[in-house]
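The values are calculated or read from the model by the stated rules, or taken from the named source; none is laboratory data. Values in this document were obtained by computation on a predicted structure and should not be read as measured data. Neighbour counts run over all protein chains shown; Cβ positions are idealised from the backbone, glycine included.
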Amino acid sequence: MTNQVTKSDEKTMDKKTFRKVFWRSFLLQGSWNYINGAGVGALYMILPFIRKLYPNPEDKPQRVSALKRGMAYFNITPAIAPFPMGIAASMEEQNKKLADFDPSSINAVKASLMGPLSGIGDSLFWGTIRVIAAGIGIGLAKAGNILGPILFLLIYNIPNLLARYYGLKYGYELGGDFIQKAYENGLLKIITKAAGILGMIMVGAMTYSTVTLKTILKFKMGSMTFNLQQILDQIMLGIIPLSVTLATFFLIRKKVSANKIILLMVVLSFVLSALKVF
C-alpha cells in the first residue's frame, strides 16, 4: 500500500522551536530517576516541538500519544542527547504525515542509539575532554593564574555546545530524509526490528552491570560446603539481578505504582538481610 501524506513537506522545527529544544537539552538530567532515567528531561526537551507539531485542540489524542512516547526510558551522555532526540523529532513528524507509519519505531530507534552513542559520548566527554580541560585548568590554577578555571570551562563547554547544536540540527535534518526513504523502500521495518533487538540487548547489559545482588547462603552436604552464589553463577551469570528485574517489570505491567515497588524492595532488603540471605 502506498503511503498517504496528510501534511505538506514544510518542516515543523523552525528556528524558534530549535532554540527552545536546544536550550532545554541542558536540563536533560534535572529529574533523573530510576524509573525512566532521563525520560522526563527528554520529554521536557522535545515538548516545544510536540506542541508545534500538534497545536490544535482536535490534535489532543495524537499529542498525548507523542508525550507518552517522549517520556519513555532514556539514558545517554547529555552532550550527545540532542542527536537521537532530533531523529525522534523527525520521526514524530513523519508519523503525523504518513497514514501507516509505525509509531513504535520511534522509541525503538532511540533505545538502539542509547548504548552506542553513550559509549562514544562517555569516552569523548567524560574520559578525554574533561580530563584534558581539568589537567590544563588545574596546572594553571596551581600557579595562581586566573586563566585556570576559565580555560577549563572553555575547553570542556565549547565542544559540548557544538555537539548539542549540530547533533540536534543534523539529527533532525538527516533523520527526516533517511526515515522517509527507509519507509518508502521497506527498510524501516528491518531497522525497527533490529533496533528493538539491540535495545533489548542494551537493557540486558545495563541490568547485569547496574543491578548488583548476590546471596551469601551456604549449605553443607556431608563434609562439603556449597556456596549458592557460585552454583547460580555456573548456571547463568547475574541470574538473581535478572530475576529481580523481571519481577519488577511484571509488577509495573500489573500497574503497581513505582513507590510501592520501591517500598517493597526496601522491606524485603531488611528482612532478607536480617535472615542472612543477602
Residues of segment 224-254 satisfying the condition of being under 19 Å from residue 34 (Cα atoms) and β-branched (Val, Ile, Thr): 240, 244, 245, 248, 252
Of residues in segment 228-256 being in contact with a helix residue (DSSP H, G or I) (Cβ under 9 Å, 6 or more places away or on another chain) and not in a helix (DSSP H, G or I), the one farthest from residue 205 (Cα to Cα): 256
Candidate set: segment 86-100, residues that are among the acidic types (Asp, Glu) and over 23 Å from residue 115 (Cα atoms); chosen: the one surrounded by the most Cβ atoms within 10 Å (Cβ to Cβ): 93
Any hit, segment 66-85, residues being surrounded by 14 or more Cβ atoms within 10 Å (Cβ to Cβ), among the aliphatic types (A, V, I, L, M), outside any loop (DSSP other than H, G, I, E, B) and touching an Asp or Glu at 6+ places or on another chain (Cβ under 8 Å): yes
Flag for residue 50 being surrounded by 11 or more Cβ atoms within 10 Å (Cβ to Cβ) and assigned to a helix (DSSP H, G or I): yes
Candidate set from segment 5-22 (those that are modelled with pLDDT under 85 and of a type in the set (S, T, N, Q)); member that is farthest from residue 99 (Cα to Cα): 12
Residue satisfying condition, being at pLDDT below 90 and among the polar types (S, T, N, Q), within set 65, 104: 104
Residue within segment 136-144 that is under 22 Å from residue 42 (Cα atoms) and either aliphatic (A, V, I, L, M) or not assigned by TED's automatic domain parsing to the domain that holds residue 54 (or both) present: no
Only listed residue being over 21 Å from residue 249 (Cα atoms), part of a helix (DSSP H, G or I) and of a type in the set (A, V, I, L, M, F, W, C), chosen from 40, 21: 21
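Going through segment 35-66 one residue at a time, which ones are free of Cβ contacts under 8 Å to residues at least 40 places away in the same chain and under 18 Å from the mean Cα position of the chain (by Cα)?
36, 37, 39, 40, 41, 43, 44, 47, 66, listed by residue number.
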Residue in segment 102-123 that is in a helix (DSSP H, G or I), in contact with a strand residue (DSSP E or B) (Cβ under 8 Å, 6 or more places away or on another chain) and under 25 Å from residue 12 (Cα atoms) present: yes
Residues of segment 154-204 satisfying the condition of being over 22 Å from residue 111 (Cβ atoms) and at pLDDT 90 or above: 154, 155, 156, 157, 158, 159, 160, 161, 162, 165, 166, 169
